[in-house]
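For reference, the structure discussed in these notes is given below.
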Amino acid sequence: MDTFTKIVDEAYTVSVDFADVLASGETISTAVATAICAGKGADTAAIIDSTTISGTTARVKVKDGMGGYYILDVKIITSAANTFIHQIKMEVD
């Protein structure tokens, strides 16, 4: 699982490249990101500002948050109706 740390007031984009799981000619149709506060299980949608697609990459803009750990699930659905999820551990200081 990838891990990164951000400061509470920071806002920036995290990129997840799915090229290694896409078949030749397969594209990302949909990308959605969710965040769960580790240890609390609470959905923290407010920490996700936006999710966009650029080629084989899903880009998630994260913002704000409270101190602690979050698990970001970046989920894509492809042109071949495949679903892939990449998890990232985010620590907010």
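Net charge around T52, counting only other residues with Cβ within less than 9 Å of its Cβ (Lys, Arg = +1; Asp, Glu = -1)? So the environment of T52 carries a net charge of +2. Which percent of the accessible area of the chain is formed by carbon and sulfur heavy atoms (probe 1.4 angstrom)? Carbon and sulfur together cover 51 percent of it.
Evaluate the relative contact order of the chain (contact order divided by residue number), counting alpha-carbon pairs under 8 angstrom at least 6 apart; express in whole percent. Relative contact order comes out at 39 percent. With the simple spin-label model, which puts each label point 7 Å out from Cα in the Cβ direction, the E10 to E26 separation comes to 3.2 nm. Spatially close Lys pairs in the chain, defined by Cα atoms under 18 Å apart and a spacing of eight or more places or different chains, total 8. What the chain shows is 55 Å² of accessible area per residue, with the surface traced by a 1.4 Å probe over protein heavy atoms. When the Debye formula is applied to the Cα atoms of the chain, each taken as the same point scatterer, what base-10 log of I(q)/I(0) results at q = 0.19, 0.20 Å⁻¹? The calculated log intensity ratios at q = 0.19, 0.20 Å⁻¹ are -0.82, -0.89. What is the dipole size for the chain, taken about its Cα centre, with +1 at each Lys and Arg Cβ and -1 at each Asp and Glu Cβ, in debye to the nearest 20? That gives a dipole near 140 debye.
The values are calculated or read from the model by the stated rules, or taken from the named source; none is laboratory data. Source: prediction; values computed, not measured. All Cβ positions, glycine included, derive from the backbone under ideal geometry; neighbour counts span all protein chains shown. Protein only, heavy atoms only, side chains kept; ligands, DNA and RNA dropped before computing areas. Shrake-Rupley method; radii C 1.70, N 1.55, O 1.52, S 1.80 Å.
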